[in-house]
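Colleague: A single structure is presented below for examination.
The values are calculated or read from the model by the stated rules, or taken from the named source; none is laboratory data. Here the structure is a predicted model, which means the values were calculated and not measured. Here the Cβ is made from the backbone with ideal geometry for all residues, glycine too, and neighbour counts use every protein chain on show. Accessible surface areas use protein heavy atoms only, side chains included; no ligands, DNA or RNA. Shrake-Rupley method; radii C 1.70, N 1.55, O 1.52, S 1.80 Å.
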Amino acid sequence: MSLQTRLMSAVIGFVSLILVIVAVITSAILGRTLEDQLDQKLFTTASEVVGRIDQLPGSFATTEQALSGMPVENGSLFAVSSQAGTGGIVLSSQNNELTGGARSLTKAQLVQINDALNGGRTATVTIESLGSYRVVVATSPVSHSIVVAGLPRTGIQNQMATLFTVIVLATLGGLILLALTTAITIRLSLRPLRAMAATATRVANQPLDRGEVDITERIPASEADPRTETGLVGASLNKLLDHVNTSLAARQKNEERMRRFVADASHELRTPLASIRGYSELSLRALGQQEGPAVIESTTTSLERIQAQSLRMTRLVEDLLLLARLDEGRELVYGTVDLTQLGLEGVSDARPTAPDHRWNIEVPDEPVVIVGDAGRMHQVVTNLLANARTHTPAGTEITLSVSREGEEAVLRVHDDGPGIDPAVREELFARFARGDSSRARQTGGTGLGLAIVKAIVEGHHGHITVESVPGSTTFSVRLPIEPVVGA
């Protein structure tokens, strides 16, 4: 059963129940009111008949004498018990002489009336051959006569039948109108849900598991009004689709980075492996062809090259392993780290490697101490200085500074070199990122240095930024002085 059908059934059923209850209550109140009015009328008539009987001599106090000359309604019933006896009549026509329009009540009919009253003042009785009557009884305190007056309930029954007919017709018409109105209202209200279902179906039919995916399907703005309940669902679905689209774009970007990472790692490993293979084959060939000092010298040179390439490959694998461990939150051993001392040692170590650069250091009088891994922080300083040395020409001034700013320790490496190409600045901290698209050894190492720096800094709950324009490049590392609670 659809939601629209369930809503219509619930609304129409609930309204129908209310209308039935209202009809029953209205009919009961109206029937009671009509009977009260009829009782009042009968009491008035009965009292008048009692007054007439009291004015008649005892032997003449019959029903016919009491009603003589008295206007009465068609179908009225009267029964009198007095000194003249007990009897009753039913009037089938309205006249003052009671000629030809009165019919006497039988004893059985009188017994039915008496049983219905049963000592009460009012009663509803179904009289044989006459139908349903409303009867009241009045007693004379003077002559002690008893008068029963009654009128047929045909008028009340006709009014109630008319009322029921009107109620039924009005209820049916109202329910039909309610059904149409409810169907239109629900259909219009559920239109956003149908739009959402159609949009979700179109999105579900898209291949989202591979390749570049762009989800352009959205709920129309007219169906995504957050001021309504269904519109709020539509707006939320649009927000979800935006998030999914962003996540898929990030997934695709990560896949591309992973493919590029695998390609770069394969290239970096292929070069030393090719060198090792070549030099080993050369050594074996030389040993197999001749002997002597020349062979020993050639073999020694080959082994030295093999060793150098092995060390290069070992450094690459170690760097990759370090990044993997840092990604898993491992490898850091916390202790007290003096950044001032690390800066001094880093600059001292870097000077001999690039004597054609100008090296400066700016540190405060008081040491800047943090809680971290001293070995890894030394690697951060070394990699930043090596990056500045490698990518700047001779004569460049490189300055390392350490300071404390609030609850953070700040380490900066600044150079006045040519700056960083804006095209590669966004990918600067990516693995195997290079300022030079070529892979010449003289332009740098494996391209993992800044990626390792970023991983170590983030492992210490800090962050690294870079600002670069021609003539000024600054790498800034910010680290918390105190360890992060719960990290």
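Colleague: What does the extension gain come out to for Thr154 and Leu321, with contour length at 0.36 nm per residue minus their alpha carbon separation? Mind showing how you got there, number by number?
Modeller: Values: separation 167, 0.36 × 167 = 60.12 nm, distance 10.39 nm.
That pair, Thr154 and Leu321, stretches by 49.7 nm at full extension.
Colleague: May I pose another question? Roughly how many percent of the accessible protein surface of the chain is carbon and sulfur, given a 1.4 Å probe and a whole-percent answer? Mind dumping the intermediate values first?
Modeller: Details: 15820 of 27520 Å².
Roughly 58 percent of what the probe reaches on the chain is carbon or sulfur.
Colleague: Using a 1.4 angstrom probe with every protein chain in place, what is the largest-first accessible-area order of Asp319, Asp39?
Modeller: From most exposed to least exposed: Asp319, Asp39.
Colleague: On to the next question. State the extension gain, in nm to one decimal, for the chain segment bounded by Thr185 and Val424, taking 0.36 nm per residue of separation less the distance between their alpha-carbons. Intermediate results must be reported in sequence, preceding the final value.
Modeller: Details: separation 239, 0.36 × 239 = 86.04 nm, distance 5.73 nm.
Roughly 80.3 nm would be gained on extension.
Colleague: Please work out the Cα convex hull volume for the chain and give it in Å³ per residue. Could the numbers behind the result be given before it?
Modeller: Details: hull volume 162.2 nm³, N = 487.
It comes to 333 Å³ per residue, whole-number rounded.
Colleague: Measure nothing but the geometry: give the 0 to 90° angle between the long axis through the Cα atoms of 229-289 and the longest principal axis through the Cα atoms of the chain, rounded to 10°.
Modeller: The helix 229-289 is inclined about 20 degrees to the chain.
Colleague: Rounded to the nearest 10 Å², what accessible area does Arg121 have for a 1.4 Å probe in the complete protein model?
Modeller: Approximately 150 Å² of Arg121 is accessible to the 1.4 Å probe.
Colleague: Using per-residue counts of other Cβ atoms within 10 Å, averaged over each peptide, order 122-131, 395-404 from highest down. Write out the running numbers ahead of the final one.
Modeller: Details: 122-131: 15.1, 395-404: 18.1.
Going by the mean number of other Cβ atoms within 10 Å, highest first, we get 395-404, 122-131.
Colleague: Using the alpha-carbon atoms, what tilt in degrees (0 to 90, nearest 10) does helix 449-459 show relative to the longest principal axis of the chain?
Modeller: The two axes meet at around 50 degrees.
Colleague: Rank these by accessible area, largest first, 1.4 Å probe: Phe164, Phe78, Phe43. Walk me through the intermediate numbers first.
Modeller: On the way: Phe164 100, Phe78 5, Phe43 45 Å².
Sorted by accessible area, descending: Phe164, Phe43, Phe78.
Colleague: Using the Cα centre of the range 332-376 as origin and beta-carbon charges of +1 (Lys, Arg) and -1 (Asp, Glu), tell me which of Trp359, Thr340, Val369 is placed farthest towards the positive end of the dipole.
Modeller: Final value for the positive-end residue is Trp359.
Colleague: For the chain, take the longest principal axis of its alpha carbons; what is the angle in degrees between that and the long axis of helix 293-327, to the nearest 10 within 0 to 90?
Modeller: For helix 293-327, the angle is close to 20 degrees.
Colleague: OK, next. For Val24 and Ala200, calculate 0.36 nm times their separation in residues minus their Cα-Cα distance, and state this gained length in nm to one decimal. Spell out each step's value before the answer.
Modeller: Values: separation 176, 0.36 × 176 = 63.36 nm, distance 4.91 nm.
Once the chain is fully extended between Val24 and Ala200, it gains 58.5 nm.
Colleague: Can you give me the accessible area per residue for the chain, using a 1.4 Å probe, in Å²?
Modeller: On the way: 27520 Å² over 487 residues.
Computed with neighbouring chains in place, this is 57 Å² per residue.
Colleague: May I ask you to list the lysines whose Cα is less than 24 Å away from that of Lys107, ignoring any residue fewer than eight positions away on the same chain?
Modeller: none
Colleague: Among the lysines, which have Cα under 27 Å from the Cα of Lys253 when same-chain residues fewer than 8 positions away are ignored?
Modeller: Output for Lys253: Lys239, Lys454.
Colleague: Kirkwood Rh over Cα pairs of the range 125-218 into Stokes-Einstein at 37 °C, 0.692 mPa s: D in µm²/s?
Modeller: On the way: Rh = 20.9 Å.
Here the translational diffusion coefficient equals 157 µm²/s.
Colleague: Calculate the spin-label point distance for Leu3 paired with Ala250, positioning each point 7 Å from the Cα along the beta-carbon direction, and give it in nanometres.
Modeller: For Ala250 paired with Leu3, the spin-label model returns 3.0 nm.
Colleague: Using a Förster radius of 35 Å, what is the FRET efficiency between Glu467 and Leu311 based on their Cβ-Cβ separation? Nearest 0.05, please.
Modeller: Values: r = 35 Å, r/R0 = 0.99.
With a Förster radius of 35 Å, E is 0.50.
Colleague: Then there is this: With only alpha-carbon pairs counted, each pair once and no self-pairs, how large is the Kirkwood hydrodynamic radius of the range 1-75 in angstroms?
Modeller: Numbers: mean 1/r = 0.0589 Å⁻¹.
Result for the range 1-75, one decimal place: 17.0 Å.
Colleague: With an 8 Å Cα cut-off and a minimum separation of 6 or more residues, compute the relative contact order for the range 105-222 in percent. Working shown, then result.
Modeller: On the way: 74 pairs, mean separation 13.5, N = 118.
The value is 11 percent.
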